[in-house]
Amino acid sequence: MKLNTYLNFAGNCAEALAFYQEKLGGKILVSMSYDQMPEPRDIKPGTEKHVMHARIQIADAVLMASDGPIDPANPMGSCSLTLSVESSAEAERLFALLAEGGQIKMAMAETFFAHRFGMLRDRFGINWMVIHQNSPE
């Protein structure tokens, strides 16, 4: 059995995946638009090029994604993707990239459980946590 995270976007899935591929070193494994579906198709006008289904690998995780359906006011609700990194410098770098055009929920800082930790919602509405954990003693 596998458990995968599936992200839904409001029409900007391809842009988000390209951003994650470039900035996080991900690899888009597959991306299919609605107009690539076999006949018969029931596609809303204007959504033909939206992503029907995609998979991207980031580090050792595979995320699945598509355009819609979502609640634009609360696209991810209580879910966050977490990037665990090996250095504080890498945590700061990734946090800054993801925060660009987004909303910082908790600024990157040292905590009792991590050298660096921060939370944000990126410009695509996805919640992220970035952490450089303390070494267990």
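Of the residues examined, VAL62 is not one that is modelled with pLDDT of 80 or more, farther than 24 Å from MET129 by Cβ and either basic (Lys, Arg) or not assigned by TED's automatic domain parsing to the domain that holds ALA91 (or both).
The residues of the range 1-11 that are more than 12 Å from the chain's Cα centre (by Cα) and closer than 15 Å to PHE124 by Cα, listed by number, are ALA10, GLY11. Taking the stated definitions as given, is VAL51 surrounded by 15 or more Cβ atoms within 10 Å (Cβ to Cβ), in the same structural domain as ASN4 (by TED's automatic domain parsing) and at pLDDT 90 or above? Judged against the criteria, VAL51 is a match.
When TYR34 is tested against (1) within 21 Å of GLU100 (Cβ to Cβ); (2) crowded, with 17+ Cβ neighbours inside 10 Å; (3) out of contact with any Leu (no Cβ under 8 Å at 6 or more places or on another chain), exactly one condition is not met: (1). Yes or no: ILE43 assigned to a loop (DSSP other than H, G, I, E, B) and farther than 14 Å from GLY125 by Cβ? Yes; evaluated as a whole, the condition is true for this residue. Scanning the range 65-100 for residues that are within 12 Å of the chain's Cα centre (by Cα) and either at pLDDT below 90 or in a strand (DSSP E or B) (or both) yields ALA65, SER66, PRO75, MET76, CYS79, SER80, LEU81, THR82, LEU83.
The values are calculated or read from the model by the stated rules, or taken from the named source; none is laboratory data. Owing to the predicted nature of the structure, the values given are computational and were not obtained by experimental measurement. Heads up, the Cβs are rebuilt from the backbone with ideal geometry, glycines too, and the neighbour counts pull from every protein chain shown.
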